[in-house]
Amino acid sequence: MDVKKILADVKAKNPGQDLFLQAVTEVLETIQDYVKENPKYDDHKIVERMVEPDRIYQFKVEWMNDKGEIQINRGYRVQFNNAIGPYKGGLRFAPNVTLDTLKFLGFEQTFKNSLTTLPMGGGKGGSDFDPKGKSDNEIMHFCQAFMSELFKYIGPDRDVPAGDIGVGGREIGFLYGMYKKLASENTGVLTGKGAGWGGSILRPEATGFGAVYFVEDMLKKHGMDIKGKTVTVSGFGNVAWGAAKKATELGAKVICISGPDGYILDEAGMNDAKIDYMLELRASNNNVVKPFATKFKGAKFVAGKKPWEVKSDIAMSCAIQNELNGDDAKMLIKNGTTLVCEVSNMGCTADAVHELQKAKVIFAPGKAANAGGVGVSGLEMSQNAEHLHWTAAEVDERLHAMMKSIHENCVKYGTEKDGYINYVKGANVAGFIKVADSMIELGVC
Ligand code: GLU
């Protein structure tokens, strides 16, 4: 496999799509040795076929705001690879969403979903719609308009969307309500549904919980325990909330959360009231974290800065892609951070990953650490298919098992000669094998 040539082709074919190129570069660089050792992949041109999405839908979304003004947004669904199961992946609503964003996310999703052990292909969708400052009514009208087009391309055994940034339980409700009406069926075509209408218990918590289980496994592997560790978390949305909740429950002290406006430093650590307040902040549609410091005495708001400057044992990026760069990584290394867990998809720049690995910091890539979210989405699909509802204990046990299996695979394929576990390599190789072998067995089609 000629990595340089494949990357040059990807760059030429996808001009200006830097995020997509970044995601592809990381995967190709880490799987190349494995591919060279197993010539069947080159014989079947697997890598070249994997970097090309199966298909992309782009559509116009017209809707009316509360003032009666017509609004126009762009909607997308990228169906990346369905070798191992129906396309599966979230929807992101944010003003900076482009086709590039959704192609990088769809590509990552293909590997992540393969790691979960469940039969799910990779897809991603979304819109440049900005939920900030919108009323609930406007969000409902947008979601309905978006689904009136998307419903043509999805189905419970075809493509199963879910949430991502800007799409939580409320949006899934509005989207599912419209799907059900248009398709004249009540099947589990979206995941992240409410527990009363087909959703799985623990789905809202799953990404953050799974990431903390993964951190626990990494620490254990290195002879350490999460109890008593300080944790900085970026973001304050669903993923950050789940991570803060589980880390606190397991005896760690979460001292930071953040938003686009800056970060909160709370040396006393999170408790139930503070964790619940994160949900209120998100529901306000304002996308700021500053009010946290007004509400809780002792919490300090630091404007315009990222939490990576705060000294802690563990750093967890739970906000957005490329939120932790090379300089941030150097700061974390200088501060003696033991473990960095990328929970957001591609939360670290390539530079940051390089710095952290060079310094032998224990580092988890997002596609391994955050796979619990889509993993429990897969469990929601199973429950919908059998028209049953599992208990919290059952779902949690399966989530635990999934994260454990992902960790074991990372160790199996990522342990280097000097004993350092390259979790990025391990996750990419393990995710690749299942999809690649399936593609060979399925033939050229
Ligand atoms: N958006 C989440 C992710 O990045 C969840 C996707 C899903 O549940 O389908 O994995």
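A simple count of charges around Asn335, restricted to other residues whose Cβ falls under 14 Å of its Cβ and scoring Lys, Arg +1 and Asp, Glu -1, yields 0.
Our estimate of slack between Asn38 and Asp225, defined as 0.36 nm per intervening residue step minus the Cα-Cα distance, is 63.6 nm.
Take segment 359-445 with all the other protein chains still there, run a 1.4 Å probe, and you get 41 Å² of accessible area per residue. Spacing of the modelled spin labels on Thr415 and Asp351, each 7 Å from Cα toward Cβ, amounts to 3.4 nm. For the pairs Lys253/Lys311; Lys245/Lys434; Lys274/Lys306; Lys220/Lys425, note any where the Cα-Cα span goes beyond 24 Å. Distance filter (> 24 Å) returns Lys245/Lys434. Each peptide in 340-348, 73-81, 379-387, 305-313 was scored by the mean count of other Cβ atoms within 10 Å over its residues; highest first, the order is 340-348, 73-81, 305-313, 379-387. Between Glu29 and Lys358, the modelled label-to-label distance comes to 1.1 nm, taking each label 7 Å out from Cα in the direction of the beta carbon. Once the Cβ-Cβ distance of Glu394 and Glu267 is raised to the sixth power relative to R0 = 41 Å, the FRET efficiency obtained is 0.65.
A cut-off under 15 angstrom between Cβ atoms defines the neighbours of Lys311, and their net charge, with Lys, Arg +1 and Asp, Glu -1, is +2. Mean sequence separation of contacting Cα pairs (under 8 Å, at least six apart), scaled by the length of segment 362-445, corresponds to a relative contact order of 29 percent. Subtracting the Cα-Cα distance of Phe59 and Thr187 from their residue separation scaled by 0.36 nm leaves 43.7 nm. Surface analysis of segment 116-164 yields an accessible area of 33 Å² per residue, using protein heavy atoms and a 1.4 Å probe. Accessible surface area normalised per residue over segment 228-271 is 28 Å², counting heavy atoms of protein chains with a 1.4 Å rolling probe.
For the options Gly155, Gly262, Gly196, a Gaussian network treatment of the chain with springs between C-alpha atoms closer than 10 Å singles out Gly196 as fluctuating the most. Per atom type, the chain shows carbon and sulfur on 52% of its accessible surface, probed at 1.4 Å. Rounded if a/c is under 1.5, else prolate if a/b is larger than b/c, else oblate: which is the chain, with a ≥ b ≥ c the root eigenvalues of its Cα gyration tensor? Rounded, because the longest to shortest axis ratio a/c is under 1.5. Modelled label positions at Glu69 and Ser382, each set 7 Å beyond Cα in the direction of Cβ, lie 4.9 nm from each other. Computed from the C-beta positions of Val444 and Glu408, the FRET efficiency with R₀ = 45 Å rounds to 0.90. Note: segment 1-107, Cα convex hull, 115 Å³ per residue. Helix content alone sets the calculated 222 nm mean residue ellipticity of the chain: runs of n ≥ 4 DSSP H residues at -39500 (n - 2.57) each, divided across all residues, give -15000 deg cm²/dmol. With K and R counted +1 and D and E -1, the other residues having a Cβ less than 9 Å from that of Pro95 yield a net charge of -1. When the chain is treated as a GNM with alpha-carbon contacts under 10 Å, the residue of Ser135, Ser258, Ser234 showing the greatest mean-square fluctuation is Ser135.
Based on C-alpha pairs under 8 angstrom that are at least 6 apart in sequence, the chain has a relative contact order of 15 percent. Using a cutoff of 8 angstrom between alpha carbon atoms and counting only pairs six or more residues apart, the relative contact order for segment 91-208 works out to 25 percent. Using Cα springs under 10 Å in a Gaussian network model of the chain, which residue among Lys67, Lys404, Lys221 shows the largest mean-square fluctuation? The residue that fluctuates most here is Lys67. Taking a ≥ b ≥ c as the square roots of the eigenvalues of the alpha-carbon gyration tensor, segment 368-445 is classed oblate because a/c is 1.5 or more while a/b is no larger than b/c.
The values are calculated or read from the model by the stated rules, or taken from the named source; none is laboratory data. Keep in mind the model is a prediction, meaning the values are calculated, not measured. Neighbour counts run over all protein chains shown; Cβ positions are idealised from the backbone, glycine included. SASA here: full protein model, heavy atoms, side chains in, ligands and nucleic acids out. Shrake-Rupley method; radii C 1.70, N 1.55, O 1.52, S 1.80 Å.
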